[in-house]
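Just so you know, all these numbers are worked out from the coordinates, no wet-lab data involved. The structure displayed is predicted, hence computed values, not measured ones. Virtual Cβ from ideal backbone geometry, glycine too; neighbours counted across all protein chains shown.
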Amino acid sequence: MIRIVHIITGLGSGGAENMLYKLLKYSNQDQYHHEVISLMDKGIYGDKIEELGIKVHCLNLNRKNIVSSLLRARRVVDGFDIVDTWLYHADFFGFIVAKIMSRKKLVWNIRHSNLDKNANKWLTLRIVRVNTYLSRYVDVITYNSYKAKENHLQIGYTGKRTSVIPNGFELDRFRFSPSERDSIRNELGLTDEKVIITVGRWDVQKDYYTLMAALHILQKKHANFKMVMVGENLDWDNKELVDLIKKS
């Protein structure tokens, strides 16, 4: 049996966290043993992962416990064959644990494509810069899109031992259901007009400005449609979003 420990920045309501959960959910438990280390807390996915019978270690990382967190993570990692990290902070943390403090196979899981300085926090870009150098010592780097791979190669990430693994989806959950369609439309007060749905938090990475520009084009063509927005801070309390809607 192959033993894999996953290190992730946190277990909140993000796309990477959801993909980790689905990977664990559908993994062959007879061939692979998984455990998860969260640099932060359990978030919303910690309990769900534990319900799968998979152990979750939460480091609650902060400036005061960096050393003890590294030592704690190393104790967990020592019992595994592969360290699989998710998101830049975990990539950096996992490199220290897996390659400096231990001698383990390390896989970086990169799920980010926009590296523009206006779309990222300065600390994130600093870590990306450091990771660019460290990438040559990583055993495998996986990307969830060819665009993500292309952008990281352009800034200096190694092009060796890389693989693109697109996001996976549970098709049975998204199959068409006439009854569900009618029920949801009634709940939202919709009739038979076209419905456009966007799912994603309010963040510059999600580019809602381009979305609103596209909707404005549809309005000018007198298209009959409704827009449904789902995500954190997508509500009428978000002044920037409200102003954007009014301008569109």
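Data table
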{"quantity": "Sorted by Cβ neighbour density within 10 Å, fewest at the top, the residues Val67, Val228", "calculated": "Val67, Val228"}
{"quantity": "Mean shadow area of the stretch 1-137, taken as a quarter of the surface of its Cα convex hull (nm²)", "calculated": "8.2 nm²"}
{"quantity": "Eligible aspartates and glutamates near Lys121 by straight Cα distance, threshold 17 Å, same-chain separation 8 or greater", "calculated": "Asp91, Asp203, Asp207"}
{"quantity": "All-pairs Cα distance distribution in the stretch 90-237, expressed in whole percent, bin size 5 Å", "calculated": "2, 7, 12, 14, 14, 13, 11, 9, 7, 6, 3, 1, 0"}
{"quantity": "Of Lys48/Lys105; Lys99/Lys160; Lys221/Lys246; Lys104/Lys147; Lys206/Lys246; Lys147/Lys239, those spanning more than 21 Å from alpha-carbon to alpha-carbon", "calculated": "Lys48/Lys105; Lys104/Lys147; Lys147/Lys239"}
{"quantity": "For the chain, convex hull volume per residue from C-alpha positions, Å³", "calculated": "165 Å³"}
{"quantity": "Highest average packing first - 218-227, 76-85, 99-108, Cβ atoms within 10 Å", "calculated": "76-85, 99-108, 218-227"}
{"quantity": "Computed label-point distance, nm, for sites Phe176 and Lys22 using a 7 Å Cα→Cβ extension", "calculated": "2.1 nm"}
{"quantity": "Kirkwood-Stokes translational diffusion coefficient of the stretch 176-247, alpha-carbon pairs, 20 °C, 1.002 mPa s, µm²/s", "calculated": "158 µm²/s"}
{"quantity": "Proximal lysines relative to Lys55, as straight alpha-carbon distance under 17 Å, when same-chain residues fewer than 8 apart are discounted", "calculated": "Lys22, Lys25, Lys42"}
{"quantity": "Helix-only [θ]222 nm of the chain, DSSP H runs n ≥ 4, -39500 (n - 2.57) each, per residue, nearest 500", "calculated": "-11000 deg cm²/dmol"}
{"quantity": "Dipole axis of the chain (+1 Lys, Arg; -1 Asp, Glu on Cβ), positive-most option in Gly94, Ala214, Leu134", "calculated": "Leu134"}
